[in-house]
Every structure is written in structure tokens, then in C-alpha cells.
1. Within the chain, which DSSP H helices have Cα atoms that stretch 20 Å or more along the helix axis and a mean Kyte-Doolittle hydropathy of at least -0.5?
2. Counting other C-beta atoms within 10 Å, which of Ser9, Ser80, Ser48 has the fewest, and how do the rest follow?
3. State to the nearest 20 debye the size of the charge dipole of the chain about its Cα centre, where the only charges are +1 on K and R beta carbons and -1 on D and E beta carbons.
4. Looking at the calculated P(r) for segment 8-148, what percent of the C-alpha pair distances fall above 27 Å?
5. Please give the peptides 51-63, 20-32 ranked by average Cβ packing (other Cβ atoms within 10 Å per residue), highest first, as a rough proxy for protection.
6. Taking +1 at the Cβ of each Lys and Arg and -1 at the Cβ of each Asp and Glu, which of Gly90, Tyr56, Val121 sits farthest along the dipole of the chain towards its positive end, judged by Cα position relative to the Cα centre?
7. What pairs in Lys2/Lys92; Lys2/Lys107; Lys75/Lys140 have C-alpha atoms more than 25 Å from each other?
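All of the numbers you see were taken from the coordinates with simple rules; none came from a lab. Everything quoted here is computed from the prediction, not taken from an experiment. Because the Cβ atoms are built from the backbone with ideal geometry, glycine has one as well, and the counts that use them run over all protein chains shown.
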Amino acid sequence: MKARIVYASMTGNDEDMADILEEDLQDYGFDVETSDVGFTDASDYLESDLCIFITYTYGEGAMTDEIADFYEELKALDLSGKYFAVMGSGDKTYGEHFCENVFDYEKAFKECGATEITKPVTIENAPDDEAIDLIDQAAKEMADKLHD
Ligand SMILES: Cc1cc2nc3c(=O)[nH]c(=O)nc-3n(C[C@H](O)[C@H](O)[C@H](O)COP(=O)(O)O)c2cc1C
């Protein structure tokens, strides 16, 4: 089972999330490829069974150029038959904009016809023990659902 994790990270928090999830999925036997959004074509998801996007949110929900470009590429894809999950790190002091870009991407994947495999995992800033548990649980859920 192939999984592709794409992450957007300025200060490393979302990259850390991607690393944790990658290790978890490898432990569950997935063939995982992980890449920075700036060096990835959205069409790379076409090679995977499980498509994962992990992102920051900056600027009160507005997308940075790198994730806006990827978002446009993503929306042009047909991902029917594939599973997806979104995750990300934000800051609750931004109120209604907390992790807004995670939810933007959740909507885009649904519009591409993919099936959501786990609920979005949203954490605050750097992953602490509680956040790591949430990522581990999500990975387990992905494995339980995809390896019957
Ligand atoms: C200028 C600025 C704007 C931000 N805007 C938001 C926001 O709108 N929503 C949110 O949830 N977090 C916001 N954050 C918090 C970051 O998303 C958070 O620190 C995140 O962990 C950064 O991830 P990264 O280390 O992967 O870049 C903002 C941070 C900065 C510095």
C-alpha cells in the first residue's frame, strides 16, 4: 500500500508531524514517500493509494504562494478511488482561523473525489506528547482501515 505525505512547513512544526507520521506508517508496512510541497507536483498523488497533506496556516487563513499553487494543481486531479487525510499545526490565538488551511485542503480533496480516511488532526505549534499520540492514533486508524 503506497502513501504519499506532502508537507508545508516554515519553522519545522509540520515537517516534524510529517516525520512522525511517516515513521508510524512505515511501521505499519506502508510504502511511504514524503516531500516538501515546494518540491512536489500534486499529480504525484496519482501514484499513491493514500494521499496525505500536512500544512501550517499563516496570515489569518490566507494561503502562502507555495500552498496556493499546489492547491490549484490538486483541484484539477481526479482522486476517486483513493483515500486522503489532512493534518496541520496552527495556533488557537488565531481564533476562527485556527488551522484554516488544513480545512481548505480537506474540502479540496473531497472535491477531487477522494475518501477521507481519518478526521483532520490539528495541533498547536510543535508536536508535544499529546499531539504525537493523536498522530499515532490516526496512523493506526489508517492501517486498520487499509490493511484488512
Ligand atoms: C504571522 C503568522 C501568522 C499566523 N497565522 C495563523 C493562522 O491564521 N492560523 C493558525 O492556526 N496559525 C497561525 N499561525 C501559527 C502557525 O501556523 C504555527 O506556528 C505553525 O505551527 C507553524 O508551522 P510550521 O513550523 O510548520 O511553519 C501564524 C503564525 C505567524 C507567525
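1. Numbers: long enough: 13-27 (22 Å, -1.28); 129-146 (26 Å, -0.37).
TM-like helix candidates: 129-146.
2. On the way: Ser9 19, Ser80 9, Ser48 22.
The most exposed by this proxy come first: Ser80, Ser9, Ser48.
3. On the way: 10 positive and 38 negative charges, 115 e Å.
Approximately 560 debye in magnitude.
4. Numbers: 1256 of 9870 pairs.
The proportion of pairs with Cα distances above 27 Å equals 13 percent.
5. Details: 51-63: 21.7, 20-32: 17.8.
Answer by packing, highest mean first, reads 51-63, 20-32.
6. Val121
7. Values: Lys2/Lys92 33 Å; Lys2/Lys107 22 Å; Lys75/Lys140 28 Å.
Result: Lys2/Lys92; Lys75/Lys140 exceed 25 Å.
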